[in-house]
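S.K.: This is the structure I want to talk about, given as structure tokens.
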Amino acid sequence: MTAILGKVGAIVWKDVLAELRTKDIVLSVGVFAVLVIIVFNFAFQPGAQGIGAVAPGALWVAVVFAGVLGMNRAFVLEKERGTLPGLLLCPVPREAIFAGKMAASLLFMLLVEAAVVPLFGVFLGLPLFPPALVPIVLLATLGFAAAGTLFSAVAASSRSRELMLPILLLPVLVPVILSAVGASAAVFAGEPFGEYRTWVQVLIGFDVVYLVLSAWVFEYVVQE
Amino acid sequence: MVDARAGQRPSPRVEGRAAGLGWGVGALLVATAAVMVVALYMALVWAPPERLQGQVYRIFFFHVPVSWVAYLAFAVTFAGGLAYLRSGRASWDRAAAASAEVGVVFTTLSLVTGSIWGKPILNAWWGWDVRLTTTLVLWLIYLGYLMIRAYAAEQAQGARLAAVVGVVGFVVVPINFFSIRLWRGLHPGPNIGTEGGLEIEGAMAATLFVSLAAVTLLYITLLVARIRLRSLTDAVGEIKARLGVGGIR
């Protein structure tokens, strides 16, 4: 078990190192997320009534769109540089490769969210980062990373990579988007946990199903 | 580039199977047409008008079977994809892909007939009802299934990637359904497509049953026809590869 974790850690470290050198993903994804939020604000009158009602939706639309952008890089870079075969030749189980790639993407996404969520609060006059939002963001991002890593690998093997990922990923993300928006809306409205417990349960269910399913079918996706 | 084997006929197994399927498609076509005529007569003439909706409800005899068969088609794609991933046999992939194609067509019909029915009854083309939304999401997933097949660099890879999409996309239908129901619970609105709102009596139930048989037969006919076409395409590809005249997708 420790040996496997070490191997997963090595793959994560490889991606983190590549990211530290280029800062491609975190920077571009973060900037893009902020842009989406700003564009969203143009759709409404500043300080308009009821902006609180659409705010959680705007936040998650920004995170999801930016996340898709970042996810594109997860496997496209490996494909472009021809490093995927090398990764596959490593004497580690496919599940470990999947876990490593997923953990790295999860890390990048969380970094972006740590910056974007408070900024979002600033722009919309909402609480900057309510503590109750932390588990929701973690669970939603985990589900996003699990499904995103799988479909990023699928899309990277097709001809029009950047186009295929959102087309494949967005429909399966419907439960994550719905429950993340539902739960965050409750948090921003200051409701107690009991009010949005079901949403959190949906998120946990989605995460478990996608982690198991993705790790299992991943080997068929990267098969050469 | 013509080698010694060029004059050979394609493997008789492939040819024989395609010919057999050809007969099958013909027979199925006749059976489907016969049942379909009966179903049309029953749905449009024989069944009595509904108490509240009058004549408008008759689209129900097509909308409901088409929707059910769409889900059946995706279930077949799921099973075929799973079997293909396990065994790697091309015949499973052909069945899965053919079923996905027909499934997308039937889902489209389901969404369109639902809209046509919803307009006069609920005064809206569309409502974010649980079943509607789940079906729409499934439709999008299987459009992705067909696209990933079409965009794959090579056929075997496209088959594998599509199988993954088909399997993952179908397994999560319950989560989709549950989350959308929860979402609708928070935003109450008109409930569209309520068969429960209809008063189904004996003649209507019989009509629905015959329509369901007709639509299911139509599905099987289209499925077998597409499987046959795919076998033939693969056989042609095999022959071309042997002759060295370039691959065929």
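No value in this document is a laboratory result; all are computed from the given coordinates. Every value quoted in this text rests on a predicted model; they were computed, and no experiment measured them. In this analysis, Cβ positions are derived from the backbone assuming ideal geometry, glycine residues included, and neighbour counts consider all displayed protein chains.
S.K.: In region B:164-184, whose amide N lies under 12 Å from the spot 7 Å out along Cα-to-Cβ of B:Arg86? List them in ranges.
M.R.: Once the point is set 7 Å along Cα→Cβ of B:Arg86, nothing inside region B:164-184 turns out to lie under 12 Å by backbone N.
S.K.: Turning to a different aspect of this structure: Please list, in chain and number order, the residues 5+ apart from A:Leu173 or on another chain whose amide H is under 5 Å from its amide H, with Hs placed from the backbone.
M.R.: none
S.K.: Name the long-range amide H neighbours of B:Ala152: under 5 Å, sequence gap of 5 or more, or other chain; modelled H, no Pro or chain starts.
M.R.: Those lying under 5 Å, H to H, from B:Ala152 are A:Arg159.
S.K.: Can you tell me how much longer the chain between B:Trp23 and B:Ala124 gets when fully stretched, taken as 0.36 nm per residue apart minus their C-alpha distance, in nm with one decimal?
M.R.: 31.9 nm
S.K.: Can you give the convex hull volume of the alpha carbon atoms of chain A per residue, in Å³?
M.R.: It is 122 Å³ per residue.
S.K.: Here is a further query. With the radius of gyration and the Kirkwood radius both derived from the Cα set of region B:11-235, what is their ratio Rg to Rh?
M.R.: 1.02
S.K.: Apply the Karplus parameterisation 6.51 cos²θ - 1.76 cosθ + 1.60, with θ equal to phi minus 60°, to every residue of region A:82-92 and state each ³J(HN,Hα) to the nearest whole Hz, in sequence, with x for glycine and proline.
M.R.: x, 8, 5, x, x, 4, 6, 6, 4, x, 10
S.K.: Next question, about the same structure. Under a point-charge model restricted to the Cβ atoms of Lys and Arg (+1) and Asp and Glu (-1), what is the dipole moment magnitude of the protein assembly as shown relative to its Cα centre, in debye to the nearest 20?
M.R.: Around 1200 debye, computed over the protein assembly as shown.
S.K.: I've got another one for you. Can you work out the Karplus-derived ³J(HN,Hα) for every residue in region B:229-243? Use 6.51 cos²θ - 1.76 cosθ + 1.60 with θ = phi - 60°, whole Hz, and x for glycine or proline.
M.R.: In residue order, the calculated couplings are 4, 5, 4, 5, 4, 5, 5, 4, x, 4, 5, 4, 4, 5, 7 Hz.
S.K.: If I model a spin label at A:Leu138 and A:Asp24 as a point 7 Å from the Cα along the Cα→Cβ vector, what separation in nanometres do I get?
M.R.: If labels sit at A:Leu138 and A:Asp24, their model points lie 3.0 nm apart.
S.K.: When the Karplus curve 6.51 cos²θ - 1.76 cosθ + 1.60 is applied with θ = phi - 60°, which whole-Hz ³J(HN,Hα) does each residue of region A:6-13 get, with x for Gly and Pro?
M.R.: Coupling constants for region A:6-13: x, 5, 4, x, 5, 5, 4, 4 Hz.
S.K.: Between B:Val56 and A:Ala43, what is the label-to-label distance in nm when each label sits 7 Å out along the Cα-to-Cβ direction?
M.R.: Placing both labels 7 Å along Cα→Cβ, they lie 3.1 nm apart.
S.K.: Share of Cα-Cα pairs in the protein assembly as shown beyond 36 Å, in percent?
M.R.: 40 percent
S.K.: Shifting gears a bit: With +1 on each Lys and Arg Cβ and -1 on each Asp and Glu Cβ, how big is the dipole of region A:10-154 about its Cα centre, in debye rounded to the nearest 20?
M.R.: 200 debye
S.K.: Using a 10 Å cut-off on Cβ to Cβ distances, tally the other chain neighbours for every residue of A:24-35 and report the average as a whole number.
M.R.: Other-chain Cβ atoms within 10 Å of each residue's Cβ, averaged: 0.
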